[in-house]
1. When the residues of the stretch 57-73 are narrowed to those that are within 16 Å of the ligand (Cβ to nearest atom) and in contact (Cβ under 8 Å) with a residue 24 or more places away in the chain, which ends up most open to solvent (accessible area, probe 1.4 Å)?
2. Run down 17, 7 and say which single residue is touching a helix residue (DSSP H, G or I) at 6+ places or on another chain (Cβ under 7 Å), acidic (Asp, Glu) and open to solvent by 20 Å² or more (accessible area, probe 1.4 Å).
3. Please count how many residues of the stretch 97-120 are open to solvent by 40 Å² or more (accessible area, probe 1.4 Å) and in contact with a Ser or Thr (Cβ under 9 Å, 6 or more places away or on another chain).
4. Within the stretch 112-130, which residues are within 13 Å of the ligand (Cβ to nearest atom) and more than 19 Å from residue 83 (Cβ to Cβ)?
5. Within the stretch 91-131, count every residue that is among the aliphatic types (A, V, I, L, M) and touching an Asp or Glu at 6+ places or on another chain (Cβ under 9 Å).
6. Restricting the first residue to the stretch 133-145 and requiring it to be in a helix (DSSP H, G or I), which pairs with a second residue that is open to solvent by 40 Å² or more (accessible area, probe 1.4 Å) and not hydrophobic (A, V, I, L, M, F, W, C) meet a Cβ separation below 7 Å and a spacing of at least six or different chains?
7. Here is a list of conditions, (1) away from the ligand (no atom under 15 Å from the Cβ); (2) in a helix (DSSP H, G or I); (3) among the hydrophobic types (A, V, I, L, M, F, W, C), and residue 1 meets all of them except one; can you say which number that is?
Amino acid sequence: MLNAKIEKALNQQILLEAESSQIYLAMASWAEVEGYAGIAAFLFHHSDEERMHMLKLLRFVNEQGGHGVVPALPAPSAKYKGVKELFQQVLEHEILVSNEINKLVDICLKEKDYTTHNFLQWYVSEQIEEEALARNVMDKLKLIGGDKSGMYFFDRDIAGLAAAEGGGADAEGGK
Ligand code: OFO
């Protein structure tokens with residue numbers, strides 16, 4: 001049975017994962033409209049993943065006798081200055097999420113809730129991967145600089161990344 005403090009903290013994390021999904025969805029839509037089909041595919045897939053993270057938490061809270069609350073969400077920004085600025089925001093957002101997961105893990109240890117602590121290890125690993133991926137993307141964008149053909153290949157390659165993760169069709173509505 002979850003204690004009230006942990007239930008509240010998990011519900012906060014549900015909100016953050018749902019917000020992440022919305023933010024990446026808004027970014028995907030912007031990229032699609034701007035003609036970056038590969039970046040859009042990558043971000044649509046990322047948005048779906050964040051929704052899955054939210055759902056996994058919500059189901060866990062319910063399974064443990066708590067109530068996973070579906071939160072209201074603020075509208076994410078619909079406009080981005082450019083691809084580099086967009087991915088810088090992705091990286092900063094992933095760092096913020098990692099910090100929040102770490103805080104959650106810390107609360108579990110203080111409250112001696114080893115079940116939730118164990119459950120959260122999946123999120124710890126996931127954040128390591130997602131942060132590394134975001135840093136990798138930023139490194140590539142820094143190399144490209146303002147080069148247009150470089151950006152063409154970046155868009156093509158990042159589509160491949162989404163396809164490899166099983167999300168290549170997401171930009172076409174999951175067909
Ligand atoms: Fe939920 O993994 Fe990123 O934020």
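1. Going through the qualifying residues, I end up with 73.
2. 7
3. Qualifying residue count for the region: 1.
4. Result: 120, 122, 123, 124, 125, 126, 127, 128, 129.
5. Residues in the stretch 91-131 being among the aliphatic types (A, V, I, L, M) and touching an Asp or Glu at 6+ places or on another chain (Cβ under 9 Å): 5 in total.
6. 138/88; 141/84
7. Tallying (1) away from the ligand (no atom under 15 Å from the Cβ); (2) in a helix (DSSP H, G or I); (3) among the hydrophobic types (A, V, I, L, M, F, W, C), residue 1 fails exactly one: (2).
Here's the yes/no breakdown for (1) touching a residue at least 24 places away in the same chain (Cβ under 8 Å); (2) out of contact with any Ser or Thr (no Cβ under 7 Å at 6 or more places or on another chain); (3) not aromatic (Phe, Trp, Tyr):
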residue: 16; (1), (2), (3): yes, yes, yes
residue: 19; (1), (2), (3): yes, yes, yes
residue: 22; (1), (2), (3): yes, yes, yes
residue: 26; (1), (2), (3): yes, no, yes
residue: 33; (1), (2), (3): no, yes, yes
residue: 38; (1), (2), (3): yes, yes, yes
residue: 44; (1), (2), (3): yes, yes, no
residue: 52; (1), (2), (3): no, yes, yes
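The values are calculated or read from the model by the stated rules, or taken from the named source; none is laboratory data. Predicted model, so just to flag it, every value in this text is computed and none were measured. Glycine also receives a Cβ, built like all others from the backbone with ideal geometry; neighbour counts cover every protein chain displayed. What goes into the accessible areas is simple: the full protein's heavy atoms, side chains included, and nothing from ligands, DNA or RNA. Shrake-Rupley method; radii C 1.70, N 1.55, O 1.52, S 1.80 Å.
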